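Working notes for the structure below.
The values are calculated or read from the model by the stated rules, or taken from the named source; none is laboratory data. What you are looking at is a predicted structure, and each value in this text was computed from that prediction instead of being measured. Counting neighbours? That spans all protein chains shown, and the Cβs are built from the backbone with ideal geometry, glycine included. All accessible areas refer to the heavy atoms of the entire protein, side chains included, with ligands and DNA or RNA removed. Shrake-Rupley method; radii C 1.70, N 1.55, O 1.52, S 1.80 Å.
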Amino acid sequence: MRKLLLLSTVVIVGLIFIARLFYLQVYNQSTYNLYEDNAIRKVYDYPKRGYVYDRNGKLLVANQPSYDVMIIPREVEPLDTLEFCNLLKITKEDFKKKYDKAYHYSPRLPSPFVAQLSKEDYALLQEKMRKFEGFYIQKRSLRDYQTNIGANVLGDIGEVNNAIIQRQPYYKMGDLIGKQGIEISYEETLRGVKGIKFIQKDRFNRDIGPYKEGIYDTLPEPGKDITITIDAELQAYGELLMQHKRGGIIAIEPSSGEILTMISSPTYNPNLLVGRNRSKNFTKLYNDSLSQPLYDRGLQAMYPPGSPFKVINALIGLQENVVTTNDKFTCAHGYRYGNRKMGCHGHKSPADMNLGIYESCNAYFANVYRRIMDKYDTPAEGMDIWSNHVKSFGLGNYLGYDLRVGQPGKIPNAETYNRAYGKNRWYTTFTLSNAIGQGEVLATPIQLANMAAAIGNRGYYYTPHIIKKIENDTIDSKYTTPNYTTIDKQNFEPVIQGMYDVYNKGTAKYLQVPGIEICGKTGTAENFTRIDGVKTQLTDHSIFVAFAPKDDPKIAIAVFVENGYWGSRFAGRIASLMIEKYIKGEITRTDMENWILQHTLEHEYEKPHSGKPFKINGESRIMTVNEYELEKQKKININTQTVN
């Protein structure tokens, strides 16, 4: 009986162990983590990153092979350090730093030791990798830019840091991620999904084959190709026109909200941020505090919108029934209020709405603005009504476009002035600069381009966006849903006629393009900076907004040229040329084109840093590009002689 009891106990305990082992190893794998098993090596298979095409099917961004030397510190065995360093073209000091960094990250997990080997270096190293235990070569793709334009649009990819890894466990040390432009906006779409292979190792740490015959291995899922809304040819042309100038250009297709071109100047070649020199080149671009090539002026620069903003006040005046198209206001070279005067250039007087727009009369719009404010019992009530109308055009907010950078601009409301002056302690005249797009009003180029699109559409706009098509996918519905302004459709026609007459007989009459009915508005905005702590006025900014054709517009555009004198001088010419290039595909106004290409504004940008007195709007300072290059070479020669 005792023997039977003992035998039964042994059998029962054995069955319990067998059942438990079966449950843990076969039925339930939840307590076992392949990724933490030191006896299994994990090898990632990186997917092809999605290609990027322009709206016309032109390939902009492809891929090129790259090879990273990876390290697993605990598996490194004694090696010929000198030979290894020579193969990798690094010093012994570099070797130690890289090893310590990898060990600090994790002694068990792989991390990059030397990234982005050339094909030649890879070929030499691969033959001898068997001699260096703990190291292996990981193949991946780098971006291959098929163009030298649109750096601010296309963006770039770079290595993840610890902060990204902690937020997003998908990424491991050495992985690449979108850093700017569409690369970051559509990172998950473009990157695809990594595959992984689990390699079984024996007790001597040697690979002996796939773990469990590869049943847990996964194949990589390639990233999706995307088509963006940019017209590469128009983008290239705009960047050409903006050489030796600073500012931004945004062009939008009004019927869809698709961004046709997004130019920030100065710019750079996107290929600078590819390969082993990426970090060095990025540092140079980042530290260029004068030109600021990494600063996207089309999305981030907030400027006073100047006179283009007047058309918004005209629309609000009509909507609020405080002015008609026939109402006239006297302009005696400006508008007087109290002991102050808002100046204006000479033109016919009195001015109705049409003349007020095409001659850009400050006095006319000061009167309209006061009527809007004074319609209500208090300036605060009038200000909030006015502010809500303005914001309905997409001004004063981020617009919701699909790019990661931007600024909201600024549209004041009653609270703005309550904070500044105290509640009920300010009047309409305190805010009169808003009538002409100065004062507390700020806007980005993309906001003004969107404003022009809304006017061209007679009261609505689509959220501006850069994505046109995603492979086997759909774009967000918010980009196909119209946003309506607070202005009734019928109120747009007289304002559009005024903008059309800007080209026919107004401030842009010399910028006409044969065969295209363009509606536009010139603008000049005051420009101040601080030099040695003193507020100093610089040459005015040149601004222009437009859409064309007048009926059923195909393009809406905003151009900002910093220190560009006045609206029609630089910005107006550039806008007209861009419109003709897009609609006709060729340039007939070669006189304007030649003028723009032969003039630089570099001398204006040097004024604050020259340490010398300077004039505002100094016409005599304009130089051709060739003259500027000669002058710059003289300075280089002089400096060289001084050093020697």
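Conditions tested, residue by residue: (1) more than 30 Å from residue 232 (Cβ to Cβ); (2) assigned to a strand (DSSP E or B); (3) charged (D, E, K, R).
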position	(1), (2), (3)
483	no, yes, no
501	yes, no, yes
507	yes, no, no
517	no, no, yes
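Is the stretch 400-416 home to any residue that is farther than 30 Å from residue 294 by Cβ, open to solvent by 50 Å² or more (accessible area, probe 1.4 Å) and hydrophobic (A, V, I, L, M, F, W, C)? There is no residue in the stretch 400-416 that is farther than 30 Å from residue 294 by Cβ, open to solvent by 50 Å² or more (accessible area, probe 1.4 Å) and hydrophobic (A, V, I, L, M, F, W, C).
Of the helices (runs of 4 or more DSSP H) lying entirely inside the stretch 137-221, those carrying at least 3 residues that are open to solvent by less than 20 Å² (accessible area, probe 1.4 Å) are 151-154, 181-185. Tallying residues that are in a loop (DSSP other than H, G, I, E, B) and open to solvent by less than 30 Å² (accessible area, probe 1.4 Å) within the stretch 600-613 yields 1.
The rows are residues; the columns are (1) part of a helix (DSSP H, G or I); (2) within 30 Å of the chain's Cα centre (by Cα).
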site	(1), (2)
50	no, yes
63	no, yes
70	no, no
79	no, no
83	yes, no
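Matching residues to (1) of a type outside the set (Asp, Glu); (2) assigned to a loop (DSSP other than H, G, I, E, B):
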| position | (1), (2) |
| --- | --- |
| 327 | no, yes |
| 384 | no, no |
| 397 | yes, yes |
| 418 | yes, no |
| 423 | yes, yes |
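The set of residues in the stretch 427-444 being open to solvent by 10 Å² or more (accessible area, probe 1.4 Å) and either in a loop (DSSP other than H, G, I, E, B) or not β-branched (Val, Ile, Thr) (or both) consists of 427, 430, 433, 438, 439, 440, 442. I'd like to check something: does the stretch 142-165 contain any residue that is hydroxyl-bearing (Ser, Thr, Tyr) and more than 30 Å from residue 241 (Cβ to Cβ)? Within the stretch 142-165, not a single residue is hydroxyl-bearing (Ser, Thr, Tyr) and more than 30 Å from residue 241 (Cβ to Cβ).
Yes/no matrix, rows are residues, columns are (1) part of a loop (DSSP other than H, G, I, E, B); (2) open to solvent by less than 10 Å² (accessible area, probe 1.4 Å); (3) within 24 Å of residue 291 (Cβ to Cβ); (4) at pLDDT 90 or above:
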| residue | (1), (2), (3), (4) |
| --- | --- |
| 526 | no, no, yes, no |
| 529 | no, no, yes, no |
| 536 | no, no, yes, no |
| 539 | no, yes, yes, no |
| 551 | yes, no, no, yes |
| 581 | no, no, no, yes |
| 586 | yes, no, no, yes |
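Scanning the stretch 371-382 for residues that are in a helix (DSSP H, G or I) and open to solvent by 70 Å² or more (accessible area, probe 1.4 Å) returns 371, 374, 381.
Quick check, is residue 556 open to solvent by less than 30 Å² (accessible area, probe 1.4 Å), among the aliphatic types (A, V, I, L, M) and out of contact with any Asp or Glu (no Cβ under 7 Å at 6 or more places or on another chain)? In short, yes. The C-beta contact set for the stretch 545-561 (first residue on the phi > 0 side of the Ramachandran plot, second residue open to solvent by 10 Å² or more (accessible area, probe 1.4 Å) and polar (S, T, N, Q), distance under 9 angstrom, 6+ apart or interchain) comprises 552/255.
Whether a residue is exposed (fewer than 14 other Cβ atoms within 10 Å of the Cβ) and among the β-branched types (Val, Ile, Thr) was assessed, and residue 507 does not pass this test.
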